[in-house]
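A.B. asks: Questions regarding the structure given below will be posed in turn.
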Amino acid sequence: MALNRNVVKLGLVISVLAFAISGASVAAARADGEGTLRLGWASADITPDASVLIAGQLHARVSEGVRDPITATALALESVRGDRPVHFVMVSCDLITISEDILATVREHLRRDLPDLDPSSVMLFATHTHSAPLTSLRRRYRPEAEADELPYGIELDVMDPADYVSFAGERIARAVKEAWNRRAPGAIAFGLGHAVVGRNRLVAYRGGRSRMYGAVNNRNFSHIEGYEDHALHVLATYDTEGQLTGMILNLACPSQVSEREYRVSADFWHETRQELRRRFGDELFVLAQHGPAGDQSPRILVDRRAEERMFRLAGINQRQAIAVRIADAVEAIRPLIEKEIETDPVLTHRVETLELPRRTLSERDAERAASAADRYHQTYERLKRELEEDDAERTGRWYHDISRAYRRKRWNRGVVERYAIQEEHPHIEVEIHVARLGGVAFASSPFELYLDFGVQIRGRSRAVQTFLVQLAGPGSYLPTERSVRGGAYGAVPASTEVGPDSGRILVDWTVDAINGMW
């Protein structure tokens, strides 16, 4: 026990020294520079107060309670160098995507309530939890499309998705306003750690085909299709006393441990926030960024039984294990990054609307999709008749099969619609943000961008460290040529608005934009 007490005492001494050193570092940095950086944090609870449709699967899920709260966290940055201040606000949302409806609602509030801030300087992005409310009211990248009255083809006793968009949009905008109004002199430090969270989810078989979450105990199993990236990018913020106030954490993995649940949840980011606040203070803000990971997932495919056994032996679940890994990595690099705390970093921000070519669909693509859509439509109509003829009380998850048939029909019908308009409307428009903060670059994408594209950008970036943020928009997968050949779920026509050629355009544009800031 004496040894344990000494270890505890030593830990306390180290913690006190680290705090003192960080405070001294901030003071020294302010003495050497003007301290032009101002920053402010805020968060908002966007958990619905009624039953909602949960997004993320090709069937309806009516929420059956709340497992843990979903939030929006905002960091407002301002540089007061020169005559014209530079503004940049990042907002992380525990949602599946940032639908065009959510973005429009937030910006409408900001134009009215925060006239000093250009709404286009605000970048919203999603953690891609599959346990948050549906917010897409219409076909993405189709501004002329009408809102869906019945997103799953049947009446369900839930909050109207449009009402949730209004509810969440107002709260997200309020968080931006609070963060903006709390701007005060501050400092940053950044660094790189590692934590195993995301894993490539595409299983390749002999013969060249691949499948999302395919069986690895199949005799034809060949390999996992692509790369995995366990980098954890960290940017910490401090007040003028050297107190840690918040962290940006960026990793290549969607928050999908609990993707099949029927309860609202922030997934592993909830436990991660809890663990970080336990270690670094209850008031710590945590802004989660989901890096390019269209082919990644926390689901374990190889050594699954061994991993589950270790969770059992440790007395924790996978979400808790991920939280500990992330917090351990942060704790390991924090003393290192606090050797270089900056109060006067360069801040620049650029936002552009980029035209990208649609994925070219063949007549055969359209014919196959039309055939599949007809089959699902017949199933949907049959199930609908059966429900109308059956007067029995609808209990449990009675809506599963009919909603799946309806969504599968729409999923395939989208291919037919895109084939019909691709010559007249060969491009889609997407909003891209690029920013520099000292030695760090931030760059966004609206897609579920496959990891290879993110690696290409980071490899060519002139920044010391590059934080890439996907799903800063309504989504759709953006696969590699390799994955298109493999034919897994995220690479098929129905899953993709654009193809690998757009990925190359996006990579080149983003690299040029980043490097132009150096």
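The values are calculated or read from the model by the stated rules, or taken from the named source; none is laboratory data. No experiment lies behind these values; they were computed from the predicted model shown. No Cβ is skipped: glycine too gets one built from the backbone with ideal geometry, and neighbour counts run over all protein chains shown.
A.B. asks: I need the full set of residues from segment 462-518 which are among the charged types (D, E, K, R) and in a loop (DSSP other than H, G, I, E, B), in order please. Show your work before the answer.
C.D. replies: Step one: filter segment 462-518 for residues among the charged types (D, E, K, R), giving 462, 481-482, 485, 497, 501, 504, 508, 512.
If the condition is that a residue be among the charged types (D, E, K, R) and in a loop (DSSP other than H, G, I, E, B), then 462, 497 are the ones that fit.
A.B. asks: Restricting attention to segment 151-167, and to residues there that are without any contact (Cβ under 8 Å) to a residue 60 or more places away in the chain and outside any helix (DSSP H, G or I), which single residue is farthest from residue 380 (Cα to Cα)?
C.D. replies: In the first step, residues of segment 151-167 are kept if they are without any contact (Cβ under 8 Å) to a residue 60 or more places away in the chain; the result is 155, 160, 163.
Those left that are additionally outside any helix (DSSP H, G or I): 155, 160.
On the way: 155: 14, 160: 22 Å.
Taking the candidates together, the pick is 160.
A.B. asks: Same structure, new question: Does any residue of segment 171-181 turn out to be among the hydrophobic types (A, V, I, L, M, F, W, C), modelled with pLDDT of 95 or more and in a strand (DSSP E or B)?
C.D. replies: Of the residues in segment 171-181, the ones among the hydrophobic types (A, V, I, L, M, F, W, C) are 172-173, 175-176, 179-180.
Checking the rest, the ones that are also modelled with pLDDT of 95 or more come to 172-173, 175-176, 179-180.
Then keep just the ones that are in a strand (DSSP E or B); that gives none.
No, that holds for no residue.
A.B. asks: Is there a residue in segment 49-70 that is polar (S, T, N, Q) and under 16 Å from the mean Cα position of the chain (by Cα)? Write out each step before concluding.
C.D. replies: So in segment 49-70, the residues polar (S, T, N, Q) come out as 51, 57, 63.
Narrowing further to those that are under 16 Å from the mean Cα position of the chain (by Cα): none.
No, there is no match, as no residue in segment 49-70 is polar (S, T, N, Q) and under 16 Å from the mean Cα position of the chain (by Cα).
A.B. asks: Within segment 266-278, is even one residue more than 20 Å from residue 91 (Cβ to Cβ), modelled with pLDDT of 95 or more, in the same structural domain as residue 42 (by TED's automatic domain parsing) and of a type in the set (A, V, I, L, M, F, W, C)? Write out each step before concluding.
C.D. replies: Kept after step one, since they are more than 20 Å from residue 91 (Cβ to Cβ), are these residues of segment 266-278: 271, 274-275, 278.
Narrowing further to those that are modelled with pLDDT of 95 or more: 271, 274-275, 278.
Narrowing the set further to residues that are in the same structural domain as residue 42 (by TED's automatic domain parsing) leaves 271, 274-275, 278.
From what is left, the residues that are of a type in the set (A, V, I, L, M, F, W, C) are none.
Checked against the condition, which is being more than 20 Å from residue 91 (Cβ to Cβ), modelled with pLDDT of 95 or more, in the same structural domain as residue 42 (by TED's automatic domain parsing) and of a type in the set (A, V, I, L, M, F, W, C), segment 266-278 yields no hits at all.
A.B. asks: Those residues that are crowded, with 19+ Cβ neighbours inside 10 Å and among the β-branched types (Val, Ile, Thr), I need them from segment 50-85; list them, please.
C.D. replies: Result: 52, 54, 70, 71, 73.
A.B. asks: Which of the residues that make up segment 344-381 are under 33 Å from the mean Cα position of the chain (by Cα) and closer than 19 Å to residue 60 by Cβ? First the steps, then the outcome.
C.D. replies: First, pick out the residues of segment 344-381 that are under 33 Å from the mean Cα position of the chain (by Cα): 344-362, 365-366, 368-370, 372-373, 376-377, 380.
Within segment 344-381, 373, 376, 377, 380 meet the criteria.
A.B. asks: Which of the residues that make up segment 404-452 are assigned to a loop (DSSP other than H, G, I, E, B) and surrounded by fewer than 19 Cβ atoms within 10 Å (Cβ to Cβ)? Full working, then the answer.
C.D. replies: Residues of segment 404-452 assigned to a loop (DSSP other than H, G, I, E, B): 422-426, 438-439, 445-447, 450.
Within segment 404-452, 422, 423, 424, 425, 426, 439 meet the criteria.
Let's see how each residue does on (1) closer than 30 Å to residue 243 by Cα; (2) loosely packed, with under 14 Cβ neighbours inside 10 Å:
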| site | (1), (2) |
| --- | --- |
| 317 | no, no |
| 339 | yes, yes |
| 343 | yes, no |
| 356 | no, no |
| 378 | no, yes |
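A.B. asks: For segment 382-397, which residues satisfy the criterion of being closer than 16 Å to residue 59 by Cα and loosely packed, with under 15 Cβ neighbours inside 10 Å?
C.D. replies: Residues of segment 382-397 that are closer than 16 Å to residue 59 by Cα, as a first pass: 383-384, 396-397.
Selection gives 396, 397.
A.B. asks: Same structure again: Is there a residue being out of contact with any Ser or Thr (no Cβ under 7 Å at 6 or more places or on another chain), surrounded by fewer than 17 Cβ atoms within 10 Å (Cβ to Cβ) and assigned to a strand (DSSP E or B) anywhere in segment 182-191?
C.D. replies: Yes.
A.B. asks: Just to confirm my filter: which helices (runs of 4 or more DSSP H) fall fully inside segment 242-353 and include at least 3 residues that are touching a residue at least 12 places away in the same chain (Cβ under 8 Å) and of a type outside the set (S, T, N, Q)? I'd like the intermediate steps shown before the answer.
C.D. replies: Working: elements: 268-280, 304-314, 318-337.
Passing ranges, in order: 268-280, 318-337.
A.B. asks: Can you report the number of residues in segment 115-144 which are touching an Asp or Glu at 6+ places or on another chain (Cβ under 9 Å) and either in a loop (DSSP other than H, G, I, E, B) or among the charged types (D, E, K, R) (or both)?
C.D. replies: Count: 15.
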